[in-house]
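Read the structure below first, then the notes.
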Amino acid sequence: MPPVFFSFFVPALFVWLWSTGFIGAKYGLPYAEPFTLLFIRMLFTLLPLAVLAIVMRARWPGWRSAGHVAVTGILVHGCYLGGVFYAIDQGMSSGLVSLIVGLQPLVTALAAVVFLREAVSRKQWAGLVLGLVGVSLVIVEKFGGTSTGDTGLPGLTLVWAGLALIGISLGTVYQKRFGTSVDLVSGTMIQYTAAAVLFGVGAMVLESRSVEWSLQFKLALGWLVFGLSVSAILLLMWLIRRGAASRVASLFYLVPPVTALEAFILFDERLGPMAMAGGVVAVAGVALVVAPGPRKARSA
């Protein structure tokens, strides 16, 4: 296949798969409560991952490293997925949720400055400001009820979306600090196991745990498991081996507009003029943060 296929279309496929997670949540949540659905998803995901770990002879970390990986799993999967699913379950549109959590590179950059002492360029600071302005415009419209026909969303949905954003951002920094040397397959299994425990406890304490096993729920669950939790991870592994992981990161800012388009086609979800403008500004800000800096000239 031509090199352009590997350098663009495969990373774009990964981004598309990631964007459909918000859509899958929208389809599945009418038939199960958020933590209950996520607990079932984690259990079904661990089965094929266990087979994959055996086939690939995954290397397992020691107890100390496994503990760090479990913390990452609680943040990246537990807080992120739990926040996203509860925000959608309580009325926030999938497009708006994806826009808020799409600010993850901005929050991660700030967290890296605080916890890892990483330097931030002027261009990245400009991106951080743009991202903040953009999401502020969206929040003013959607939560103030200024858009046509919109009575305003409950503030608790913003809390859940914020939890998702903070979870995946801190989890990314924690993973970079403590989990870079762990085998990807075994590390993913540990992360999903930790998240499953969190979701199981949450379902027991907060929910009725009732599930309506309709065809739509089964299809949504199947996509969330095999389309995202398994296929997206396998595709990411393939991209890393091909050296295209940096392109995946640079394309991540496309997730919010792709999700918004999918939500418009499937659910007729619409954003008002101010929210659309804010989304464009936020995406531009994220693009500035994740875009690589100029290459240094090689010395003779």
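The values are calculated or read from the model by the stated rules, or taken from the named source; none is laboratory data. Remember, it's a predicted structure, so these values are computed and weren't measured experimentally. Virtual Cβ from ideal backbone geometry, glycine too; neighbours counted across all protein chains shown. Heavy atoms of the whole protein, side chains included, go into the accessibility calculation; ligands, DNA and RNA do not. Shrake-Rupley method; radii C 1.70, N 1.55, O 1.52, S 1.80 Å.
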Output for region 171-187, where each listed residue is open to solvent by 10 Å² or more (accessible area, probe 1.4 Å) and under 11 Å from Gly73 (Cα atoms): Thr172, Tyr174, Gln175
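Looking for something part of a helix (DSSP H, G or I) and either in contact with an Asp or Glu (Cβ under 6 Å, 6 or more places away or on another chain) or free of Cβ contacts under 8 Å to residues at least 60 places away in the same chain (or both) - is there at least one such residue anywhere in region 168-178?
Checked region 168-178: no residue is part of a helix (DSSP H, G or I) and either in contact with an Asp or Glu (Cβ under 6 Å, 6 or more places away or on another chain) or free of Cβ contacts under 8 Å to residues at least 60 places away in the same chain (or both).
Could you please let me know if Thr36 is in a helix (DSSP H, G or I) and touching a strand residue (DSSP E or B) at 6+ places or on another chain (Cβ under 7 Å)? Break it down into steps so the answer makes sense when it comes.
Details: in a helix (DSSP H, G or I): yes; touching a strand residue (DSSP E or B) at 6+ places or on another chain (Cβ under 7 Å): yes.
Judged against the criteria, Thr36 is a match.
Tally time: how many residues in region 36-59 are in contact (Cβ under 8 Å) with a residue 24 or more places away in the chain and farther than 17 Å from Trp213 by Cβ? Can you show your working first?
Restricting attention to region 36-59, the residues satisfying the condition of being in contact (Cβ under 8 Å) with a residue 24 or more places away in the chain are 36-46, 48-50, 52-53, 56, 58-59.
Then drop every residue that is not farther than 17 Å from Trp213 by Cβ, which leaves 42, 45-46, 48-50, 52-53, 56, 58-59.
So the count comes out to 11.
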Single condition Ala50 does not satisfy, out of (1) part of a helix (DSSP H, G or I); (2) surrounded by 15 or more Cβ atoms within 10 Å (Cβ to Cβ): (2)
Residue match in region 7-24 (condition: part of a loop (DSSP other than H, G, I, E, B) and open to solvent by less than 70 Å² (accessible area, probe 1.4 Å)): no
Region 140-157, subset surrounded by 18 or more Cβ atoms within 10 Å (Cβ to Cβ) and either part of a helix (DSSP H, G or I) or β-branched (Val, Ile, Thr) (or both), residue modelled with the lowest pLDDT: Lys142
Failed item in (1) over 21 Å from the mean Cα position of the chain (by Cα); (2) modelled with pLDDT under 95, with Val201 passing the rest: (2)
Region 26-67: number of residues that are hydrophobic (A, V, I, L, M, F, W, C) and touching a Ser or Thr at 6+ places or on another chain (Cβ under 7 Å): 5
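Determine, yes or no, whether Thr72 is crowded, with 24+ Cβ neighbours inside 10 Å, closer than 12 Å to Thr172 by Cα and of a type outside the set (A, V, I, L, M).
Judged against the criteria, Thr72 is a match.
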